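As structure tokens, the structure follows; a few thoughts come after it.
The values are calculated or read from the model by the stated rules, or taken from the named source; none is laboratory data. Predicted, not measured: the structure shown is a model, and the values here were computed from it. Here the Cβ positions follow ideal geometry from the backbone for every residue, glycine too, while neighbour counts run over all protein chains shown. When the accessible area is computed, the model is the full protein with side chains, heavy atoms only, and any ligands, DNA or RNA have been set aside. Shrake-Rupley method; radii C 1.70, N 1.55, O 1.52, S 1.80 Å.
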Amino acid sequence: MNRRRFLYTAMSSAAMFAGAPRVFGAAAKYDLLIKGGRVIDPSLRLDAVYDVGISDGRIAAVEANITAESVQTVDARGKIVTPGLLDIHTHCARLGEGPAMVLQDGVTGWIDAGSQGADHIADTIAVAKTSPQQGRVLINVGRAGVVSDGDTMDINRADVGALRDAIARNRDFIVGIKARLSRDVAGTNDYEVLRRAQEVATAFNLPVMIHMGQTLSPLPRLLTLLKPGDIVTHMFAPPPNSIVDETGHILPEVMSARRRGVWFDVGNGQTGHMRWDTIESIMKTGFWPDTFSTDWTNNSRTTGVIDLPNCMSKLLSLGMPVPVAIACATVNASRTFEIFRDRGTLNVGAPADVALLELRSGNFEFLDNYGNKRGGNQRFFPSGTVLGGKWIPRA
Ligand SMILES: [Zn+2]
């Protein structure tokens with residue numbers, strides 16, 4: 001790995017939570033105790049068999065053999081215990097039950113990446129408002145949202161005024177702008193669409209997430225418009241306009257975008273975003289993802305996405321160590337959007353969002369977006385979630 005985006009936050013988090021009130025129940029010390037799991041928390045550089053004690057919705061202790069009483073105990077022996085997973089590119093605000101479905105997968109925070117634009121942004125915000133876990137939306141620069149004839153094929157749909165008004169009305173729930181730039185979405189407008197997205201994003205100090213791959217404009221030209229904190233999703237998209245050239249080298253403009261603080265995200269999805277040969281050549285260069293994401297929709301279960309833990313498993317057989325895969329879906333993702341800043345960690349005092357995963361060994365098949373299968377001998381399976389200190393068993 002040529003660069004580490006592990007951002008160890010022990011100091012800042014300790015300061016952040018130092019003033020939090022701590023009231024223990026009279027009888028039991030903990031509300032919930034997760035016993036005997038392999039705790040992997042890259043934010044704390046932790047990988048050991050530990051117990052996790054939870055009190056008042058917050059992490060109260062991460063130690064070996066906690067013996068104090070707890071109202072409820074979960075047996076995590078044989079399981080991996082990680083901070084709750086954060087999925088920064090989903091479409092789970094397209095349906096009301098989406099958030100509850102991904103919560104079952106260990107996802108304790110999600111971003112809906114551009115399902116709707118200015119015209120119908122209220123629909124996705126309504127889902128975010130009733131979501132059990134933290135959920136926020138990116139507004140599509142195209143005012144009609146994702147549409148089959150191309151979100152911004154008609155450049156008038158990239159309506160700066162409508163975009164600005166929608167954001168101004170919904171500052172609490174719109175946390176960025178999504179610009180989908182493929183040729184079948186934006187056509188020859190890709191650069192102008194991104195320029196308009198950036199004009200509005202900069203005014204509100206928001207990040208832009210671009211959907212790269214199969215664009216008409218060369219990727220380096222589009223990257224010139226990205227600022228620190230912006231996100232490139234679908235980083236494994238095959239040519240034309242992939243992040244890697246025919247000789248297997250990462251484009252210099254891609255390297256420099258990462259150096260100036262642009263994030264590179266997986267965005268598994270269903271069509272055009274992942275092909276094993278491109279993934280292999282990118283992984284070989286050491287230019288690894290900052291974050292995993294599913295690009296989840298309600299048919300993800302049957303399209304090779306399945307769930308975030310399955311997407312995280314896809315790179316294990318290409319040399320990504322288990323703790324690095326977990327870092328991508330926890331601490332790294334917590335750095336991308338402000339609302340996740342106190343998440344992605346099991347630091348004492350942090351909100352008690354936890355994912356239990358089972359890492360099974362065997363022969364597993366993983367799909368890209370082109371019907372190609374690739375074998376692997378390890379796969380994460382979701383095995384239970386804790387949200388705000390409350391145990392949610394896998395149904
Ligand atoms: Zn998407």
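For the chain, the calculated P(r), taken from all Cα-Cα distances in 10 Å bins from zero up to the bin holding the longest distance, is 5, 24, 33, 24, 10, 2, 0 percent. Fully extending the segment from Lys284 to Asn65 would add 74.8 nm, taking 0.36 nm per residue of separation and subtracting the current Cα-Cα distance. Among Val39, Val147, Val102, the largest mean-square fluctuation in a Gaussian network model of the chain (Cα springs under 10 Å) belongs to Val147. Our note on the geometry: Cα centres of segment 145-198 and segment 286-343, 25 Å apart. Across segment 36-47, computed HN-Hα scalar couplings (Karplus, 6.51 cos²θ - 1.76 cosθ + 1.60, θ = phi - 60°) run x, x, 7, 7, 10, 10, x, 5, 10, 6, 10, 8 Hz from first to last residue, x flagging Gly and Pro. According to the square roots a ≥ b ≥ c of the eigenvalues of the Cα gyration tensor, what is the shape class of segment 230-301, taking rounded for a/c under 1.5, prolate for a/b larger than b/c otherwise, and oblate for the remainder? Taking the square roots of the gyration eigenvalues as a ≥ b ≥ c, segment 230-301 is oblate. Taking the empirical scaling 2.2 N^0.38 Å for compact globular proteins as reference, segment 98-248 has a Cα radius of gyration ratio of 1.03. Using a ≥ b ≥ c from the Cα gyration tensor of segment 102-148 (square roots of the eigenvalues), is it rounded, prolate or oblate, where a/c under 1.5 gives rounded and otherwise the larger of a/b and b/c decides, a/b for prolate? Prolate shape, in that a/c is at least 1.5 and a/b is the bigger ratio. Label-point separation (nm) for Thr224 and Glu338, each offset 7 Å from Cα along Cα-to-Cβ? Roughly 3.0 nm, to one decimal. For segment 154-254, the set of GluC sites (Glu not before Pro) satisfying both a DSSP loop assignment and a count of at most 14 other C-beta atoms within 10 Å is given as Glu246. Rounded to the nearest whole Hz, the Karplus-based 3J(HN,Hα) values (6.51 cos²θ - 1.76 cosθ + 1.60, θ = phi - 60°) of segment 199-206 follow the sequence 4, 6, 4, 4, 5, 9, 6, 10, with x at glycine and proline. Relative contact order, whole percent, for the chain stands at 20, derived from Cα pairs under 8 Å and 6 or more residues apart. Using the Cα coordinates of segment 123-182, the gyration tensor eigenvalues translate into equivalent-ellipsoid semi-axes of 22, 13, 9 Å, sorted from longest to shortest.
When both bridge partners sit in the chain, DSSP labels roughly 50% of those beta bridges antiparallel.
Note on Thr188: accessible area is roughly 120 Å² with a 1.4 Å probe, heavy atoms of protein only.
Over the alpha-carbon set of segment 59-158, divide Rg by the Kirkwood Rh and report the Rg/Rh ratio to two decimals. Taking Rh as the inverse mean 1/r over Cα pairs, Rg/Rh reads 1.19. Rounded to 0.05, the FRET efficiency of the Asp119 and Arg195 pair, given R0 = 25 Å and the Cβ-Cβ distance, is 0.75.
Run through segment 106-212 and list the chymotrypsin sites (Phe, Trp or Tyr not before Pro) located in a DSSP loop whose Cβ has at most 15 other Cβ atoms within 10 Å. Listed in order of number, the matching sites amount to none. About its Cα centre, the dipole of the chain is roughly 660 debye, where the only charges are +1 on Lys and Arg Cβ and -1 on Asp and Glu Cβ. As a fraction of the 1.4 Å probe accessible area of the chain, surface on carbon and sulfur atoms comes out at 50 percent.
Of all the options Pro207, Pro238, Pro218, the one that moves most in a Gaussian network model of the chain with Cα springs shorter than 10 angstrom is Pro218. Reported value for segment 206-255: 74 Å³ per residue, from the convex hull of its C-alpha atoms. Gain on full extension, evaluated as 0.36 nm per residue between Arg260 and Asn299 minus their Cα-Cα distance, stands at 10.5 nm. The H on the amide N of Val49, modeled in the peptide plane, is under 5 Å from the matching H of Val39, each at least 5 residues off or on a different chain. Give the Debye-formula value of log10 I(q)/I(0) at each listed q (0.21 Å⁻¹), with one equal scatterer per alpha carbon of segment 311-356, two decimals each. Ignoring solvent entirely, the Cα scatterers give -0.74.
By the gyration tensor of its Cα atoms, with a ≥ b ≥ c the square roots of the eigenvalues, what is the shape of segment 273-333: rounded for a/c under 1.5, prolate for a/b over b/c, or oblate? Here segment 273-333 falls in the oblate category.
Keeping every protein chain present and rolling a 1.4 Å probe, give me the accessible area per residue for the chain in Å². Roughly 38 Å² per residue, with all protein chains present. In the frame of its principal axes, segment 265-376 has Cα extents of 44, 33, 29 Å, reported largest first. Backbone geometry of segment 216-221 corresponds, through the Karplus equation with coefficients 6.51, -1.76 and 1.60 at θ = phi - 60°, to 3J(HN,Hα) couplings of 7, 6, x, 3, x, 5 Hz, x marking Gly and Pro.
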